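One structure is given below, encoded as structure tokens.
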Amino acid sequence: MQPDEARAARIVSAARACIGVRFRVQGRDPETGLDCVGLAAISYRAAGAAPRLPAGYGLRGGDIRDVGRWLEASGLVRIADAPAGAGDLLLLAPGSRQLHLAVHSGTGFVHADLGLRRVVETPGDPPWPLLGSWRWHPETVERNS
């Protein structure tokens, strides 16, 4: 599946609009802070998605299968046959038993950085292992409804 350029641009634009927002665990509102899930939700809502958000998670732990099910229930499709591109969602492993989401910006990635305590855009490839990439397709949600 090829990305829709206009949809990808809306996702990236929304993610970049959050740069500088403070980090807050389970944060969902730019006014009070965002974590990586909140950033992903805001970014994809800007393109028309209605993501189903997980609750009750911590900074450590989590299962990639659970994340995959949550992403697929939100209309994202795992990309297996092509590299990630602008607007795609990256699932990263920044530490032992730690999962992290980031929005691919086309030139880098936008994410809620725990260490810097804010949302940032980092150029280039993430320094952490990539566990998978997902792309939003509205038609997938319609088929699964």
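Observations
- Each residue in region 11-52 was checked for being buried (at least 19 other Cβ atoms within 10 Å of the Cβ) and either out of contact with any Phe, Trp or Tyr (no Cβ under 9 Å at 6 or more places or on another chain) or in a helix (DSSP H, G or I) (or both), and 17 of them qualify.
- Test: residue in region 17-33 that is of a type outside the set (Gly, Ala, Ser), under 22 Å from Gly87 (Cβ atoms) and modelled with pLDDT under 95: yes
- Candidates Arg118, Arg52, Arg28, Arg24, filtered to the one that is within 29 Å of Glu5 (Cβ to Cβ), touching a Leu at 6+ places or on another chain (Cβ under 8 Å) and of a type in the set (D, E, K, R): Arg28
- Residue that is farthest from the chain's Cα centre (by Cα), among those in region 84-114 that are part of a strand (DSSP E or B) and farther than 22 Å from Ser13 by Cβ: Gly95
- The single condition from (1) β-branched (Val, Ile, Thr); (2) surrounded by 16 or more Cβ atoms within 10 Å (Cβ to Cβ); (3) modelled with pLDDT of 90 or more that Val67 fails is (3).
- Take the conditions (1) closer than 16 Å to Trp134 by Cβ; (2) aromatic (Phe, Trp, Tyr); (3) modelled with pLDDT under 95; Phe109 misses just one of them, which is (3).
- Any pair with Cβ under 9 angstrom, 6 or more apart, that starts in region 37-51 at a residue that is free of Cβ contacts under 8 Å to residues at least 40 places away in the same chain and ends at one that is charged (D, E, K, R) and outside any helix (DSSP H, G or I): Ala41/Arg28; Ile42/Arg28; Ile42/Asp29
The values are calculated or read from the model by the stated rules, or taken from the named source; none is laboratory data. Because the structure is a prediction, the values reported are computed rather than measured. Neighbour counts run over all protein chains shown; Cβ positions are idealised from the backbone, glycine included.
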